[in-house]
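Here's the structure, in structure tokens; my notes come after.
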Amino acid sequence: MTSSLKKRVAISLSACLIAAAGVLWFVTRTPSSPFDGAANPSSDSARLIQHGEYVARLSDCVACHSTPSSKPFAGGLEMATPMGSIFATNITPDKETGIGSYSLADFDRALRHGVAPDGRRLYPAMPYPSYAKLSDDDVQALYAYFMHGVHPVEQENKPSDIPWPLNMRWPLALWNGFFTESGAYQAKDSEGMLWNRGAYIVQGAGHCGSCHTARGFAMNEKALDEGSPHYLAGALLDGWYAPSLRSDPNTGIGRWTEDDIVQFLKTGRNQHAVVFGSMAEAFNNSTQFMTDDDLKAVAHYLKSLPGDPERDGEPWRYDAGSNAALALDQRLKVPGAQTFMAKCSSCHGVDGRGQGQWIPPLAGSSSSMAKENASSINVTLNGSARVVANGVPDAYRMPPFRGQLSDQEIADVLSFIRTSWGNRGGAVKPEEVKHLRDRTDPASSNVIVLQMR
């Protein structure tokens, strides 16, 4: 080996070692916190604790960190991922199995950076990419609530069943470097207070993008704010299709007014839709507890997001011509029409227009207009959870039809619905129904509202 070659090899090795050292430092470093060295909030600050409880409502912490059979925030909820199941952790102030030994800075790093006190990286099923935008004041209040407003529960955390080497956590530091943004939400001077408050809630505490923004190849949200047309444009997640929250008239909320949005988030229903699927849990445990001012801010921000006519197509218009297939002498000739009349029409109307705000329309609904048919299939197979507003459960809900209808019958009736009255969702195949039948369970008919205390 010539001296010149030796020199080049030495330089290359040195560069590799430096790069390796840089990566090692990056994946093992402890992110800084503005609370490093700060005193923890005192237990007698009732106002701070109360504010923290409200932030916990905005953030819907209870829905993931509790189960119907567990104490509040004791963890244990199973969350499926493409790599295996992970389980929500105990975030009560128990010092052995919960977060009771966390300092304010420890809590902040876990919440906004996804890093536990021992340096372990958290899976982004915990929506720290969104919580990163929480203000210092809200983080401090949230910490006070969890330390002094939540009862400690001794309950060991369940390990994930993700196999090695996929269960190694250090690569998540690199994932964070590519797909998250640091720093609390910064208000836009070009927008008013109402818009900025709505943006703060939607992007941060509400973590709406976790469900309503499509994921990339690395399971990352394709966008974290309104700067991208991908943000809140709809996404398939865990057997449901979370529709667009942009002003798309067909698959989004383009036909909704700001008052419609407020009513939906406050009462669980409006003239266009009733909460179901994962949104029923978010309503039961979070949105109905928001102040009217915050609901108005959210509505104002969402209505500022433009739709995409190229993706969404021409605005939906009701087409009464489909009703001819439901005539007594015709319904047996059209697949799905007879099933619709027998199982669906008494609630949703023969004309598909629903019954005011109580039973949603099928004509023009986002689930009937979206090309993704998961929500249509899932709610037909499994029904919907009870909607509990102001402590009062609704008197009726969408029942599960998995025991009454075959895969073919469900495919036929949904194909009829999704191609009638101007709907453009398209046909459903029996194998698509079978796929979700095998992987989902009926929604519980019990009233489930998880307790915060």
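A Cα-only calculation for the stretch 261-384 places Rg and Dmax at 16.8, 53 Å.
Grab the Cα-Cα distance for residue 444 and residue 323, subtract it from 0.36 nm times how many residues apart they are, and report the gain in nm with one decimal.
Working: separation 121, 0.36 × 121 = 43.56 nm, distance 3.33 nm.
Result for the pair: 40.2 nm of gain on full extension.
Compared with the direct C-alpha span, the chain from residue 181 to residue 136 gains 14.6 nm at full extension, assuming 0.36 nm per residue. Distance from the Cα centroid of the stretch 335-413 to that of the stretch 262-293 is 18 Å (rounded to whole angstrom). Its Cα gyration tensor gives the stretch 300-453 an equivalent ellipsoid; the semi-axes, largest first and in whole Å, are 26, 22, 17. If you sort 341, 83, 369 by accessible surface, 1.4 Å probe, largest first, the order is 83, 341, 369. Ellipticity at 222 nm from helices only: DSSP H runs of n ≥ 4 in the chain, each -39500 (n - 2.57), divided by the residue count, give -10000 deg cm²/dmol. Here the label points at residue 429 and residue 125, each 7 Å from Cα along the C-beta direction, are separated by 2.9 nm in the simple model. In this simple spin-label approximation, residue 215 and residue 46 carry label points 7 Å from Cα along the Cα→Cβ vector, and these lie 4.4 nm apart.
Divided by 2.2 N^0.38 Å, where N counts the residues, the Cα radius of gyration of the chain comes to 1.09.
Against the criterion of solvent-accessible heavy-atom surface with a 1.4 angstrom probe, 102, 128 sort, most first, into 102, 128. Taking the stretch 94-108 and a reference point 7 angstrom along Cα→Cβ of residue 156, the backbone N atoms nearer than 15 Å belong to 96-98.
In a reduced charge model with +1 at each Lys and Arg Cβ and -1 at each Asp and Glu Cβ, the stretch 162-285 shows a dipole moment near 240 debye about its Cα centre. Residues 73, 179, sorted by accessible area with the largest first, give 179, 73 [1.4 Å probe; ligands and nucleic acids excluded].
Comparing 408, 142, 267 along the charge dipole axis of the chain, the residue lying farthest to the positive side is 408, per the Cβ-charge model.
Using θ = phi - 60° in the Karplus curve 6.51 cos²θ - 1.76 cosθ + 1.60, the 3J(HN,Hα) couplings for the stretch 231-246 round to 5, 6, 8, x, 7, 8, 8, 6, x, 10, 10, 7, x, 4, 9, 9 Hz; x is entered for Gly and Pro.
When nucleic acids and ligands are ignored and a 1.4 Å probe is applied, residue 71 ends up with an accessible area of around 130 Å². For the stretch 141-286, the convex hull drawn through the C-alpha positions has a volume of 184 cubic angstrom per residue.
The values are calculated or read from the model by the stated rules, or taken from the named source; none is laboratory data. This structure is a prediction, so every number in the text was calculated from the model and none was measured. So basically every Cβ, Gly included, is an ideal-geometry build from the backbone, and we count neighbours across all protein chains shown. Note: areas computed on protein heavy atoms with side chains; ligands, DNA, RNA excluded. Shrake-Rupley method; radii C 1.70, N 1.55, O 1.52, S 1.80 Å.
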